[in-house]
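K.L.:
So that we are looking at the same thing, I have put the structure below in structure tokens.
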Amino acid sequence: MGGPAIAPIPDNPRPHVGRVLVPRERIARRVNDLAEAIEADFDGRPITIAAVMTGALIFVADLVRRLPSAMRIHLVQIRSYPGRAVASQGPTLLAGPPEDLTGQDVLLIDDILDSGRTLKRAVEEFRRAGAHAVRTCVLVAKPAEVRAADGLARADYVGFEIPPVFVVGYGMDFDDCYRNLPDIAVLEGGS
Ligand code: 5GP
Ligand code: MG
């Protein structure tokens, strides 16, 4: 047939990474502040870190290296946004806490507090496992108005308050992509 191949016109605009909301330098400074606050509050007691995978991956890696306390790190997996979803489908627990955490001081770490259902579910699981205290830490929080009635209203430690937009980067994904971006950016055209 010859002639140049013409790319098909997509049905939907493809999502793309838009403006940077929080640049890497600000993230690094804030992670330092959070680490100082956490160290002061735990006051030398060992910390049982529980990282909510996969979004908290990069944040936890940076944060724990600024915490000199004795600690154990557990990974839990809770998924609310399967595949290309940009609205919460409700938390599904894929990997929970260890069976017995009697007496331990837990710090639950997640990337985002949005509806609050994920962290509420995680806090319940850790209390059930016998934790003495469960505190929560998120890198970013969306406005409190978006919190669901059955979600966690607020986290104990919050890196940044952001508008109700869908963000990617620094561990946060769309369809499992973009986690490696060093800045937090707005995803545009996702559906
Ligand atoms: P929640 O249960 O509070 O509605 O949602 C929390 C979880 O949803 C987070 O652990 C995160 O994985 C995901 N999430 C919520 N908002 C966003 C967002 O803007 N971007 C990305 N990548 N994930 C989000
Ligand atoms: Mg998550």
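The values are calculated or read from the model by the stated rules, or taken from the named source; none is laboratory data. As the structure is a prediction and not an experimental result, all values here were calculated from the model. We place every Cβ from the backbone using ideal geometry, glycine too, and count neighbours over all the protein chains shown. With ligands, DNA and RNA removed, areas are computed over all heavy atoms of the protein, side chains included. Shrake-Rupley method; radii C 1.70, N 1.55, O 1.52, S 1.80 Å.
K.L.:
For the chain, what does the accessible surface come to per residue with a 1.4 Å probe? Please give it in Å².
P.N.:
Working: 10130 Å² over 191 residues.
Ligands and nucleic acids excluded, the figure is 53 Å² per residue.
K.L.:
With +1 on the Cβ of every Lys and Arg and -1 on the Cβ of every Asp and Glu, and nothing else charged, how large is the dipole of the stretch 74-150 about its Cα centre, in debye rounded to the nearest 20? Present the calculation step by step, with values, prior to reporting the outcome.
P.N.:
Numbers: 10 positive and 10 negative charges, 48 e Å.
The calculated dipole for the stretch 74-150 is roughly 240 debye.
K.L.:
Moving on. Restricting to DSSP loop positions (anything but H, G, I, E, B) with no more than 15 other Cβ atoms inside 10 Å of their own Cβ, which GluC sites (Glu not before Pro) remain in the stretch 23-117?
P.N.:
Working: sites: 25, 36, 39, 99; in loops: 99.
Taking the stretch 23-117 and a limit of 15 other Cβ atoms within 10 Å, the loop GluC sites (Glu not before Pro) found are 99.
K.L.:
Net charge around residue 53, counting only other residues with Cβ within less than 15 Å of its Cβ (Lys, Arg = +1; Asp, Glu = -1)? Could you put the intermediate results ahead of the total?
P.N.:
Details: positive: 79, 121, 179; negative: 110, 111, 125, 173, 176.
Computed value for this residue: -2.
K.L.:
Something else about it: Nearest 10 degrees, 0 to 90: what angle lies between the long axis of helix 24-42 and the longest principal axis of the chain (Cα atoms)?
P.N.:
Roughly 20 degrees between the two axes.
K.L.:
If you don't mind, there's one more thing I want to ask. Between residue 170 and residues 5 or more places away or on another chain, which pairs have amide H atoms under 5 Å apart, with H built 1.01 Å from N, and which residues are they?
P.N.:
181, 183
K.L.:
Under the rule a/c < 1.5 gives rounded, and otherwise a/b versus b/c splits prolate from oblate, where does the stretch 45-130 land using the Cα gyration tensor? Provide the component values of the computation, followed by the final result.
P.N.:
Numbers: a/c = 2.40, a/b = 1.42, b/c = 1.69.
Judged from the Cα gyration tensor, the stretch 45-130 comes out oblate (a/c at least 1.5, b/c at or above a/b).
K.L.:
Please name which of 143, 133, 112 has its Cα lying farthest along the dipole of the stretch 85-191 towards the positive end, using unit charges on Cβ (Lys, Arg +1; Asp, Glu -1) and the Cα centre as origin.
P.N.:
Going by the charge dipole, the pick is 133.
K.L.:
Counting helices only, and only those DSSP H runs with n ≥ 4, report the 222 nm mean residue ellipticity of the chain as the sum of -39,500 (n - 2.57) divided by its residues, in deg cm²/dmol to the nearest 500. Could the numbers behind the result be given before it?
P.N.:
On the way: 3 runs with 39 residues, N = 191.
So the helix-based figure for the chain works out to -6500 deg cm²/dmol.
K.L.:
If you don't mind, there's one more thing I want to ask. Collect residues whose amide H, placed 1.01 Å from N in the peptide plane, falls under 5 Å from the amide H of residue 107; neighbours closer than 5 in sequence don't count.
P.N.:
Excluding prolines and chain starts, which carry no amide H, the hits are 48, 49, 50, 135.
K.L.:
Check residue 141: other-chain or 5+ apart residues with amide H under 5 Å from its amide H, H built from backbone geometry?
P.N.:
Amide H to amide H, under 5 Å and 5 or more residues apart or across chains, residue 141 pairs with 113, 160, 161, 162.
K.L.:
As I understand it, the value is the acute angle between the Cα axis of helix 117-128 and the longest principal axis of the Cα atoms of the chain; what does it come to in degrees, rounded to 10?
P.N.:
So the helix axis and the longest Cα principal axis differ by about 30 degrees.
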